[in-house]
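Participant: Dropping a structure here in C-alpha cells format, bear with me for questions.
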Amino acid sequence: MRRDWSYWLSSNRGPLIAAALFVAMFTLFVSKHPAGFSLNIVNTAANKGALLAFVAIAQTIPVLTSGLDLSVGMVFVMANCLASTLVVGRPVEAALGVLVVLVSGLLCGALNGLIVVFGRLQPIIATLATGAIYYGVALWLRPAPGGAVNEGFADFITGSLGNAVPFSIVLLAGAVLLIWIPYRRSVLGRAAFAIGSSEQAAYMSGVPVARAKFLAYVLAGLFAAIAGLLLTGLTYSGEANALLGGSYTLSSIAAVVVGGTSLFGGSGGAIGTIFGAFVLRTIGDLLFVFDLDPLWQPLFLGMVLLISVSLGSFRLLRVKRRVDLYR
Amino acid sequence: MRGMIDRIDKALLAALCCIVVLLLGGALYSRNFLSLDYLLQQLQVASFLGVIATGVMLVILLGHIDLSIPWVVTTGGMMSTAAAGHGGMAGALAIPFAIGCGLGIGLINGIGVAYLRVPSMIFTLAINAIAQGLMVVHTSGFAPQEHATPAMRFIAVERSILGIPNAVWMWAAIGGCTVVLLRRTTFGRRVYGIGNSERAVFLSRGNVDRVVVACFAIAGACAAFAGVLLAGYSTKAYQAMGDPYLLPAIAAVVLGGTSILGGRGTYLGTVAGVVLVTLLQSILSIVQVPEAARQIIYGAVIILMLLVYGRGQKVVS
C-alpha cells in the first residue's frame, strides 16, 4: 500500500507542485487584496484562469502525442468571432449558435489532424499555417470588433451558480469529468500517451496511431472553441485580434510545461495543465495587489516564467552518466 | 547519402518553381512584376527576412527552435537607435552595440538550452518575454524618439554598388559566411550531426554544448542585426517591430527544404524560401483582396507547398 502512494506521488509530481504553487499564490493574493475574500474576486480570477486553462488543455492533448498545436490561439479567436455573430437573439437561436461554434472548433481540429496525420507534415509548421487560415476566417467573420451577444447566455457562463461556485469552474470540472477522464481511460487516449513515448513502439504494438493522433487534434479544436465561447461571455463581443491569439498560444505552452506535462510527449495531463494555467494567471493578479509599477510587469512575468521552466533542470543532478543527457 | 542529396535538391527545385509561378502569375496581373526595379525592391525587403532566417536556420538544423526572435529583433532596433540618440562615439558604435545585445541574448538562450537542458521552445519563449519586459521598461512603453544614424540608413536603404541595395549585399555577405561555416568547417559538420543525433556527436568527442550555444548566439546576433536594418529602413525603432518576422522566418526555412526536426537542409534552400515567402506576401498585398482572404491564401499556399514536397516518412517499423 505504501508503495502505491509513493508511486502515485512521484508520477504526479508536476501537477502536485503546480497545485501547491497555485494554492499558495492564491492565498497570498486574497489575503493581500484590499477587498478581502469575496465571491466577486474569486469569480473574476476563475474566469480569467479558466479562459487560459481551456486553451491550455487544448494544447496539452497534442503535446501528449509529442506534437504541438500552434493554432489553438487562432481557433480560440475564431470561435470568439463566430460566437459573436451566432450566439444572438432568442435563447433557442443562441443555443443553436453555441452548438455551431463547438462544431466549428471540431472542424478546425479535424483539419489540423488531417494535415498532420495524413499529410504527414510536422505539427509545428502545419498548425502555424492553419493558424493563419483560422485567423483569416476570424477576420472575415468580424472585420471590425463588435457583436451583440445574448446577454443571458454571457452572464450565465461568466456568473456563478447559486451565488457560490463560479460557473467557469463548473465548466472546467465538467470538461475534466465528462471529456478528459473518459478520454484518458479510452483506448485512443492511452494510445496518445503511447505515441508520445515512442511512436514506433506504439505502431509495432498495434496501437491505432493514426486515429489517436487525429482525435488529439480534434479535441484540441473543441477545447479551444469552448475557450472562445467563454471569452465571448466575458467581452460580450467578438474581435479578430491576432495579438491575443498569439499570446494565448504561447501562454498555453507555458501553462502545459508549468503543469508538469513533458513537451517531448508521453507524460502529463489536463489536470496539471489547469493548475499551470491558474498559476500563470495568479502571477498577474499578485503583481496587481503588490502594486508593482505596470511598466515592470512584463519583465517580472518573464522572470517568473524563466525561473519556473528552469526549475526542471534540477533533474540534471540525478543524471549519472553524461551521455544520458543527450538524445 | 545519395537519396539525401536528391531530397534536398527536390525541395530547392520545387521552391524555385513556385517562385517562377508566382512571378508569372504576378506578371499576368501587372507588367510591373517583371521590372528590374520591382525585383530589386523585393530583394531589399527579402534581405531583412533573409538575415533573420539565417540564424533561425542554424537553430532549426540543430533540431531546436528559437521563439525569442520577435523581441530580439526589436531589441536590436531599439538599442541601435538608443545609442544613436547619445550621439558622438556612442552613435558611431550603434550598430556593433545592437548586435552585441542580440549576441548576449542568444548566449543566454544557448546556455539555457545546452547546459540547463530546458526544451528550447519554452526557454526561448521565456527569454522573449524578458526581452519584451526590458524593452518596455527602457522605452516606458512608448515609441522611442531617437532616429537611426546615417550609417544605419546607409546599410539599409542606399544602393552603392551596381544599383543593388546595400541590405542585399549585407545579406549576401552573411549568407556567404554561413555557407562556408556549414560546408567547410568542423563546426558546420557538428551542427548537422547534432540535428541527427546529439548522442552520436557527444560520443565522437564533439562538444555538443558549445556548438549549441554558438548557434543560438549567432541566431541572436542575426536577429539583432536585422533589427538594425529595419530601424535604418524606417528611420526609427518601434514597439513589436519584430513580431511579423518569426512565423515567416520559420516558414521560409522549412519551405526551403530544411527539416524542422533538424539535421537536414541547405542554405541555398533557405534563400529560395525567403524569396518565396517575400514574393507571396508582396503579391498578396498588391492584389486587391481583403486582409481576411490574404491570410487564408497565405496559410493554404504554405500547406499546399509543403504537401507537395515537405512530407515526412511514414512510420512502418
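Participant: In region A:257-314, what residues are closer than 25 Å to A:Val176 by Cα and not in a helix (DSSP H, G or I)?
Facilitator: A:Gly259, A:Gly260, A:Thr261, A:Ser262, A:Leu263, A:Phe264, A:Gly265, A:Gly266, A:Ser267, A:Gly268, A:Gly269
Participant: Also, I was wondering about something else. For region B:280-303, indicate whether the set of residues that are of a type in the set (Lys, Arg) and at pLDDT below 85 is non-empty.
Facilitator: Yes: one or more hits.
Participant: Return yes when A:Leu234 is in contact with a Leu (Cβ under 9 Å, 6 or more places away or on another chain) and more than 18 Å from A:Thr44 (Cβ to Cβ) and no when it is not.
Facilitator: It is false that A:Leu234 is in contact with a Leu (Cβ under 9 Å, 6 or more places away or on another chain) and more than 18 Å from A:Thr44 (Cβ to Cβ).
Participant: Taking the criterion of being in contact with a His (Cβ under 7 Å, 6 or more places away or on another chain), assigned to a helix (DSSP H, G or I) and surrounded by 20 or more Cβ atoms within 10 Å (Cβ to Cβ), would at least one residue in region B:30-39 satisfy it?
Facilitator: Scanning region B:30-39, I find no residue that is in contact with a His (Cβ under 7 Å, 6 or more places away or on another chain), assigned to a helix (DSSP H, G or I) and surrounded by 20 or more Cβ atoms within 10 Å (Cβ to Cβ), so the answer is no.
Participant: For B:Val271, state whether it is β-branched (Val, Ile, Thr), in a helix (DSSP H, G or I), away from chain A (no Cβ under 13 Å) and buried (at least 19 other Cβ atoms within 10 Å of the Cβ).
Facilitator: Yes.
Participant: Return yes when B:Ile99 is surrounded by fewer than 20 Cβ atoms within 10 Å (Cβ to Cβ) and modelled with pLDDT of 90 or more and no when it is not. Give the steps one after another, and end with the answer.
Facilitator: Numbers: surrounded by fewer than 20 Cβ atoms within 10 Å (Cβ to Cβ): no; modelled with pLDDT of 90 or more: yes.
Criteria not met by B:Ile99.
Participant: Let me ask another. Does B:Ala237 fit the bill of being assigned to a loop (DSSP other than H, G, I, E, B), away from chain A (no Cβ under 13 Å) and either buried (at least 24 other Cβ atoms within 10 Å of the Cβ) or touching a Cys at 6+ places or on another chain (Cβ under 8 Å) (or both)?
Facilitator: yes
Participant: Taking region A:31-55 on its own, how many of its residues are surrounded by 15 or more Cβ atoms within 10 Å (Cβ to Cβ) and touching a residue at least 12 places away in the same chain (Cβ under 8 Å)?
Facilitator: Adding up the residues that qualify gives 14.
Participant: Okay, moving on. Which condition from (1) out of contact with any Asp or Glu (no Cβ under 7 Å at 6 or more places or on another chain); (2) more than 30 Å from A:Gly136 (Cα to Cα); (3) within 11 Å of chain B (Cβ to nearest Cβ) is the one that A:Val209 breaks?
Facilitator: Every condition holds for A:Val209 apart from (1).
Participant: Looking at region A:133-152, can you tell me whether even one residue there is more than 14 Å from chain B (Cβ to nearest Cβ), out of contact with any Pro (no Cβ under 6 Å at 6 or more places or on another chain), in a helix (DSSP H, G or I) and more than 24 Å from A:Lys213 (Cα to Cα)?
Facilitator: yes
Participant: Can you tell me which residues in region B:107-162 are more than 8 Å from chain A (Cβ to nearest Cβ), surrounded by fewer than 18 Cβ atoms within 10 Å (Cβ to Cβ) and under 27 Å from A:Leu295 (Cβ atoms)?
Facilitator: Within region B:107-162, B:Leu107, B:His138, B:Phe142, B:Ala143, B:Gln145, B:His147 qualify.
Participant: Go through (1) within 11 Å of another protein chain (Cβ to nearest Cβ); (2) surrounded by 15 or more Cβ atoms within 10 Å (Cβ to Cβ) one by one and return the number of the condition A:Ile307 breaks.
Facilitator: (2)
Participant: For residues that are over 12 Å from the mean Cα position of the chain (by Cα) and under 15 Å from A:Val72 (Cβ atoms), scanning just region A:227-242, find the one that is surrounded by the most Cβ atoms within 10 Å (Cβ to Cβ). Give the derivation first.
Facilitator: Just the residues of region A:227-242 that are over 12 Å from the mean Cα position of the chain (by Cα), to begin with: A:229-242.
Applying the additional criterion that residues be under 15 Å from A:Val72 (Cβ atoms) yields A:229-231, A:241-242.
Working: A:Leu229: 26, A:Leu230: 28, A:Leu231: 25, A:Asn241: 19, A:Ala242: 18.
Residue satisfying both the conditions and the ranking: A:Leu230.
The values are calculated or read from the model by the stated rules, or taken from the named source; none is laboratory data. What you see is a predicted model; the values in this text were computed from it and never measured. Ideal geometry is used to build each Cβ from the backbone, glycine not excepted, and the neighbour counts take in all protein chains shown.
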